[in-house]
Amino acid sequence: MNLLDESIVPEEAHAAKREAREFATEHIEPNAEAYYDSGEYPWEILEAGMETGLVAGNVAEEYGGRGFSLAETLAVAEEFYRADAGIGLTLQLAGFGTDIVEQYGSERQKERFLRPVGENEQLSGLGVSEPETGSDMAGMTTEARQEGDEWVLNGEKYWVGNGVEADWLTVYAKTGDDPDDRYGNYSIFIVPTDAPGYQAEHIPEKMAYRASKQAHITLDECRIPEDNIVGPEGAGFYMMAEFFNHGRTVVAGHGLGLAAAAIEEASAFVHDREAFGRTVDEFQSVQHDLADMRMEFESARALTWRAQEKVEQGDQPGYWAAMAKTTATEAATTCAERGMQLHGGRSVIDENRIARVYRDVRVPVIYEGANPIQRNLIYKQAPR
C-alpha cells in the first residue's frame, strides 16, 4: 500500500520524496517504537539525516543547504511523519527559523548563523509561543530593549523545539508599545543559546511526539549584539505571518503522513484478524470505515498539494495554508480515531503502532496556530 504516491506531487519534488522514503524505511521506522518508549532525543538518526542532506535542506545552496522548495519540504514531511511523528519533527526542527534569517537577515547573519546550519554543523530553533499565550501573536509579552550596542531580552518562551539542543534561536519579542498599532510592536532576534541570561530546560515528558524535545526558555536580562535583530525593527509580526504560511503548508504534510500511517495500520489489522468465522474486513461496516478514511485522506491530500502551489505562487497564501493545515491535521485525527475503533481492545496496547499514531495526531491540530484560529483566518481571507 502506497498512499503517499508521487502522482499528485510536482516532478521537482520526486527525488527528495524518494530519498526521504528510503531514509525513513532504513532509519526511522525500525527505531520509532524504541525512541517513543525511551523519550530520548534521536541524535543518531538526526546525524544520519544530516549526512544525506535531508536535514536543513531548505537552506539555500549558497549557504550550504540544498535549497529545497516548499514542494520538496512538503514531500519529505509526508514520508517522515508516516514513519514517526516525533522523529520526523526532530529532523525538520533542526533548521527551524532559518527561512526568516535567509529572507530578511543581513549577509553577516547569514554567514555567522545560517551557513553552519546549512552545513549541518549547528542546530537552530524558533521561540514564539509563551507560557500564557500561543496563538495571539500580538499578545506576546517577552520584551527587548536597546541599551547602547546591545539588545536586552526579558521574558519566557514555551514549546521551543531544540531550545536546549540548539546553538541559536530566532526569538520573537516586543520592541514597541503603540496601542494603535499592536502588530507593529514586535521584532525578531537571533539569540545564541550561550548568551548571558539565556536559560532552557526541557518541558516535562509528553504523551505524544516523545522523540522530539521542546523547551521552556527564560530570558533574564539576556544580552545580544545590536546587529542580531533580523530585518527592520517592528516588522516581526509580518515576517512571522509570512513564515507561517509556508510552515502551515508543511504541517499539512505532517497530518497526511500520520493519516497514511493510521490507514495502513487499520487496513492490515482488519485483513489479518478473524471474527465470527470470517476476516474482519468482510463486514460492511468495517469496509465503510475504511472507505471513509480513504476519502478523508485523499480529499486532504488534494487540497494540501493545491495549497502548496498557491502558497509558492503567493496567491492568497494565508488562506490556502490555513485550509490545508486544518483539513489535513483533522483528517489525521479522524483516521486515527477510526483506526483505534477498528483495532478494538488491542488499540490501547502500547506496542501497537495505532496507539502511538492516535496520541501523535493530537499535536499538529495545535501547533503552527491552533485550528480554531485557522478557521478565523480562512473566513477573513476567503475570496469575496
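Is it the case, given these coordinates, that Ala324 is at pLDDT 90 or above, surrounded by 23 or more Cβ atoms within 10 Å (Cβ to Cβ) and closer than 23 Å to Ala83 by Cα?
yes
Look at the stretch 311-321 and say how many of its residues are of a type outside the set (Gly, Ala, Ser), surrounded by fewer than 20 Cβ atoms within 10 Å (Cβ to Cβ) and either touching a residue at least 40 places away in the same chain (Cβ under 8 Å) or under 15 Å from Leu74 (Cβ atoms) (or both).
Selection size over the stretch 311-321: 3.
Looking only at the stretch 178-194, how many residues end up being touching a helix residue (DSSP H, G or I) at 6+ places or on another chain (Cβ under 9 Å), crowded, with 16+ Cβ neighbours inside 10 Å and assigned to a loop (DSSP other than H, G, I, E, B)?
Total satisfying the criteria: 1.
Quick check on the stretch 141-173: of everything there that is on the phi > 0 side of the Ramachandran plot and surrounded by fewer than 20 Cβ atoms within 10 Å (Cβ to Cβ), which residue is farthest from the chain's Cα centre (by Cα)?
Restricting to residues being on the phi > 0 side of the Ramachandran plot and surrounded by fewer than 20 Cβ atoms within 10 Å (Cβ to Cβ), the top hit is Gly148.
Just to be sure before I move on: is Glu22 farther than 18 Å from Asn245 by Cα and among the acidic types (Asp, Glu) in the structure I sent?
yes
Hey, among the residues in the stretch 367-384 that are part of a loop (DSSP other than H, G, I, E, B) and in contact (Cβ under 8 Å) with a residue 60 or more places away in the chain, which one's surrounded by the fewest Cβ atoms within 10 Å (Cβ to Cβ)?
Among those residues, the one meeting the criterion is Pro383.
Return the residues of the stretch 196-236 that are surrounded by fewer than 20 Cβ atoms within 10 Å (Cβ to Cβ), farther than 29 Å from Ala83 by Cβ and of a type in the set (A, V, I, L, M, F, W, C); say none if nothing qualifies.
Hit for the stretch 196-236 is Ala235, nothing else.
Identify the residue in the stretch 127-146 that is free of Cβ contacts under 8 Å to residues at least 40 places away in the same chain and part of a strand (DSSP E or B) and, among all such residues, is farthest from Ser187 (Cα to Cα).
The extreme case among them is Thr133.
Filter the stretch 144-166 for residues that are farther than 14 Å from Cys222 by Cα and in contact with a Ser or Thr (Cβ under 6 Å, 6 or more places away or on another chain) and give the result.
Once the filter is applied, which keeps residues that are farther than 14 Å from Cys222 by Cα and in contact with a Ser or Thr (Cβ under 6 Å, 6 or more places away or on another chain), the stretch 144-166 yields Tyr158, Trp159, Ala166.
The values are calculated or read from the model by the stated rules, or taken from the named source; none is laboratory data. Note that the coordinates shown come from a computational prediction; the quantities given were computed from them, not determined experimentally. Cβ atoms come from the backbone with ideal geometry, glycine included; neighbour counts cover every protein chain shown.
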